[in-house]
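First the structure, in the form of structure tokens, and then the observations on it.
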Amino acid sequence: MNNRILLAVCGGIAAYKAAELTRLLRKKNVEVQVVMTESATQFVSALTFQALSGNPVQTRLLDEYEEQAMGHIHLARWASSIVIAPATANMIAKLSYGLADDLVSTLCLAATCPIYVAPAMNQAMWHNPVTQENIARLKQRGISMIDPEQGEQACGETGIGRMAEPASICARLIGDKPYLMPQTNVDSTQKTRGILEGVKVLISAGPTREPLDPVRYITNRSSGKMGYALAEAALQAGASVTLVTGVVNLKAPAAAEVVQVETAEQMYHAVTSRAQEHNIYIGAAAVADYAPVQIKEQKIKTQAHESTIILQKTKDILAAVALLPHRPFVVGFAAETHDLAVYAKGKLVRKKLDMIAANWVGKEQGGFDRDENSLHVFWHDGDKVLPMTSKTQLAQQLIALISKRMNEKMAAKIAL
Ligand code: PMT
């Protein structure tokens, strides 16, 4: 139950709204302890918050008297959640880098409870890529954002940056589940916009070609449509995308960084050398499991009778990514002709994946080289069926599910 809220007030004109937030929380019988940055006290006096919360207000990290009242570590332990409202661009930057040079940032670093951040700033500061990167980093760490609103600002400009209204912050704190980012609706095509803002996604797509001689190769039926749709959906969700692709007949999304490969070996190097710079890896490519031991330099001549090609196992790209020291969130695919759930779950465990999206192949519909597909997605303690639809929509649904699962995984890590 969220009944002990530590309200951290930073220096900005929206500090006056924090007074109203204190009043609303108290009305809901929530115990409120207010801490303020030095600059916040220039906007609203500590006395106002003391009167509204019924508790002494702390403003300094190293103050003998205040530390005696309730030391910062004690305060961090006391809170069932912390809300920073308003949170300035400066405070967001400090939190994203783990700085602890004042009471508010130190408390946040020491806290193990859920933290909510309600930014308030000038619209240009909000849109600045540095601010957006900092926010993305906080989200990745499981900190919940209470997004600012659009409107006229104190500086006279109009745009996004006004702190959310106290009533909606209050509703969020009391009604929300801790740690989670705003829930994404996996059945919606429109709600993925922005959910992967600042996140780097690496996707493999298409088939590999394993040459036998200068003119022949072994390949499979993958068209790349599923992987390319995922790249498009991840971009739409705000991610930056690297697409490692086998040879296909598709136009890659202009905003993606494209790495063209042909063989499984090339795909292995292209993916594993980049994976640690990314937050998510999605292996949608149909990688050859076997490649010829020998690639003949000259065209193999027609034999009178049978001919044998000796194959060797290729390296498992997914499994290798999952073993990297700084592994991204790893999502595999499973293409199955029978016992889909059994094999997919086996691959999830064996390859140490975070998630696996299983699809039927070799059936009437879906799978290879079709515009539609359906997926049965598995993770370690759950699963979800994404019914037959266009690969474009399916990709958006899968991206939403990945984003949700990744946030839950991070939240669980932080909670430990
Ligand atoms: O490209 P489309 O025509 O749109 O078709 C989409 C698709 C059917 C190719 C796609 O949805 C899909 O299922 N991709 C994975 C195909 C596959 O190789 O499945 P698999 O069950 O054999 O492999 C399991 C996983 O291991 C896959 O994520 C695969 O990328 C990965 N793998 C496999 C072998 C290997 N050497 N390295 C790997 O990383």
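The values are calculated or read from the model by the stated rules, or taken from the named source; none is laboratory data. Just so it is clear, the structure is predicted and the values come from calculations on it, not from any experiment. FYI the Cβ positions are ideal-geometry reconstructions off the backbone, even for glycines, and counts take in every protein chain you see. Just the protein is used for accessible areas: all its heavy atoms, side chains included, with ligands, DNA and RNA removed. Shrake-Rupley method; radii C 1.70, N 1.55, O 1.52, S 1.80 Å.
In the set (1) in a loop (DSSP other than H, G, I, E, B); (2) of a type in the set (S, T, N, Q); (3) in contact with an Asp or Glu (Cβ under 9 Å, 6 or more places away or on another chain); (4) within 16 Å of the ligand (Cβ to nearest atom), ASN249 fails one condition alone, (3).
Does LEU353 satisfy being assigned to a loop (DSSP other than H, G, I, E, B), of a type in the set (A, V, I, L, M) and more than 8 Å from the ligand (Cβ to nearest atom)? Lay out the reasoning, then the answer.
Numbers: assigned to a loop (DSSP other than H, G, I, E, B): yes; of a type in the set (A, V, I, L, M): yes; more than 8 Å from the ligand (Cβ to nearest atom): yes.
Judged against the criteria, LEU353 is a match.
Would you confirm whether or not region 395-406 contains a residue that is open to solvent by 80 Å² or more (accessible area, probe 1.4 Å) and within 12 Å of the ligand (Cβ to nearest atom)?
Going through region 395-406, the residues open to solvent by 80 Å² or more (accessible area, probe 1.4 Å) turn out to be none.
Among the residues of region 395-406, not one is open to solvent by 80 Å² or more (accessible area, probe 1.4 Å) and within 12 Å of the ligand (Cβ to nearest atom), which makes the answer no.
Search region 347-372 for residues being aliphatic (A, V, I, L, M) and more than 21 Å from ALA400 (Cα to Cα), and hand back the single one that is least open to solvent (accessible area, probe 1.4 Å). Among those that are aliphatic (A, V, I, L, M) and more than 21 Å from ALA400 (Cα to Cα), it is VAL361. From the list ILE169, ILE218, the one residue that fits, being in the same structural domain as LYS28 (by TED's automatic domain parsing) and either at pLDDT 95 or above or more than 29 Å from ILE295 (Cβ to Cβ) (or both), is ILE169. The single condition among (1) out of contact with any helix residue (DSSP H, G or I) (no Cβ under 9 Å at 6 or more places or on another chain); (2) open to solvent by less than 50 Å² (accessible area, probe 1.4 Å); (3) at pLDDT 95 or above that MET91 does not meet is (1).
Listed residues SER204, SER223; which is hydroxyl-bearing (Ser, Thr, Tyr), part of a loop (DSSP other than H, G, I, E, B), within 25 Å of LYS313 (Cα to Cα) and open to solvent by less than 60 Å² (accessible area, probe 1.4 Å)? Reasoning before the result, please.
On the way: SER204 fails: part of a loop (DSSP other than H, G, I, E, B).
None of the others qualify; the one that does is SER223.
Return the residue satisfying two criteria in turn: it lies in region 319-336 and is touching a helix residue (DSSP H, G or I) at 6+ places or on another chain (Cβ under 8 Å) and near the ligand (Cβ under 9 Å from one of its atoms), and of such residues it is modelled with the lowest pLDDT. Step by step, filter region 319-336, then rank; the result is GLU336.
If you go through region 288-302 one residue at a time, do you hit one that is within 13 Å of the ligand (Cβ to nearest atom), loosely packed, with under 14 Cβ neighbours inside 10 Å and at positive phi? Scanning region 288-302 turns up no residue that is within 13 Å of the ligand (Cβ to nearest atom), loosely packed, with under 14 Cβ neighbours inside 10 Å and at positive phi. For region 24-53, a residue qualifies if it is more than 36 Å from the chain's Cα centre (by Cα) and in a helix (DSSP H, G or I), and the qualifying residues are GLN42, ALA46, LEU47, THR48, GLN50, ALA51, LEU52. Checking each residue in region 221-246 for being within 11 Å of the ligand (Cβ to nearest atom) and at positive phi picks out only GLY224. If only residues of region 94-123 that are farther than 21 Å from ILE174 by Cβ and in a loop (DSSP other than H, G, I, E, B) are counted, the one that is most open to solvent (accessible area, probe 1.4 Å) is TYR97. Kindly indicate whether any position in region 361-371 is within 8 Å of the ligand (Cβ to nearest atom), among the aromatic types (Phe, Trp, Tyr) and without any contact (Cβ under 8 Å) to a residue 24 or more places away in the chain. No, region 361-371 contains no residue that is within 8 Å of the ligand (Cβ to nearest atom), among the aromatic types (Phe, Trp, Tyr) and without any contact (Cβ under 8 Å) to a residue 24 or more places away in the chain. Go through region 257-283 and report how many residues are more than 22 Å from ASP354 (Cβ to Cβ) and more than 10 Å from the ligand (Cβ to nearest atom). Residues flagged as more than 22 Å from ASP354 (Cβ to Cβ) and more than 10 Å from the ligand (Cβ to nearest atom) within region 257-283 amount to 9.
What about ALA40, is it in the same structural domain as LEU103 (by TED's automatic domain parsing) and modelled with pLDDT of 95 or more? Please lay out each step first, then the result.
Details: in the same structural domain as LEU103 (by TED's automatic domain parsing): yes; modelled with pLDDT of 95 or more: yes.
In short, yes.
When each of LEU375, LEU386 is tested for being outside the structural domain of GLN140 (by TED's automatic domain parsing), within 11 Å of the ligand (Cβ to nearest atom) and either open to solvent by less than 30 Å² (accessible area, probe 1.4 Å) or under 28 Å from MET145 (Cα atoms) (or both), the lone residue that passes is LEU375. Considering the conditions (1) at pLDDT below 95; (2) near the ligand (Cβ under 10 Å from one of its atoms); (3) open to solvent by less than 30 Å² (accessible area, probe 1.4 Å), ALA344 is excluded by exactly one of them, (1).
When the residues of region 303-318 are filtered to those that are within 10 Å of the ligand (Cβ to nearest atom) and surrounded by 13 or more Cβ atoms within 10 Å (Cβ to Cβ), which remaining residue is farthest from the chain's Cα centre (by Cα)? Ranking the qualifying residues of region 303-318, first place goes to THR314. Among the conditions (1) out of contact with any strand residue (DSSP E or B) (no Cβ under 6 Å at 6 or more places or on another chain); (2) not in a helix (DSSP H, G or I); (3) not β-branched (Val, Ile, Thr), ALA400 misses just one, which is (2).
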